[in-house]
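To keep things clear, I will list the structure first and then write my remarks on it.
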Amino acid sequence: MKSPEELTELFRSTGRKVTAQRQCVFRVLQGDVTHPSAETVHALVSAEMETISLKTVYQTLYDLAELGEIVSLDVGTGMTRFDPNTDDLHHHLVCRRCGSVRDLVADFPQLRVPEGAELGFEVGSAEIVFRGLCPDCRSAAAPEQTSGRRQTQRSRP
């Protein structure tokens, strides 16, 4: 993703308004690898600008997506997530418990739609989502599994 200064210039050059609120959204997204939702971005920006509206955050995110500076993702977590990494070809890892999303830089050169199975679509790209447990959820689950085993062992006659 471009720097906040570069995004400011891009917005100006495309006739979009540049406001302090939008510049704050640019700063919050810079270097973010968590694929935040608009609500998460709003919470982060609100810490700096209490009066910013969720509508302003959404509009800024959708403008950035329209300009190709971020990607709007639906990875099945129940909310749209925004990915500032548009430079590297990558896929996504999604935690099935907490919904965290991370980039997976991997190439699958053999992945193709089988001939005749494309149902008339002209396929240009593929997105792969791997689901599992993130490190935090895995460590939180480990004590539960251990205590569950102990309880089961104790209840045996």
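Here are some notes:
- Matching residues in segment 45-56 - criterion: being within 20 Å of Ile70 (Cα to Cα) and either surrounded by 17 or more Cβ atoms within 10 Å (Cβ to Cβ) or touching a Pro at 6+ places or on another chain (Cβ under 7 Å) (or both): Val45, Thr56
- Residue in segment 51-67 that is over 10 Å from the mean Cα position of the chain (by Cα), closer than 14 Å to Lys2 by Cβ, at pLDDT below 95 and not assigned by TED's automatic domain parsing to the domain that holds Pro135 present: no
- Filter result for Thr86 (of a type in the set (Ser, Thr, Tyr) and touching a strand residue (DSSP E or B) at 6+ places or on another chain (Cβ under 7 Å)): yes
- Among the residues making up segment 9-44, those that are touching a Phe, Trp or Tyr at 6+ places or on another chain (Cβ under 8 Å) and crowded, with 17+ Cβ neighbours inside 10 Å are Arg22, Leu29, His35, Pro36, Ser37, Ala38, Val41.
The values are calculated or read from the model by the stated rules, or taken from the named source; none is laboratory data. Since the structure is predicted, the reported quantities are computational estimates derived from the model, not experimental observations. Every residue, glycine among them, receives a Cβ derived from its backbone with ideal geometry; neighbour counts consider all protein chains shown.
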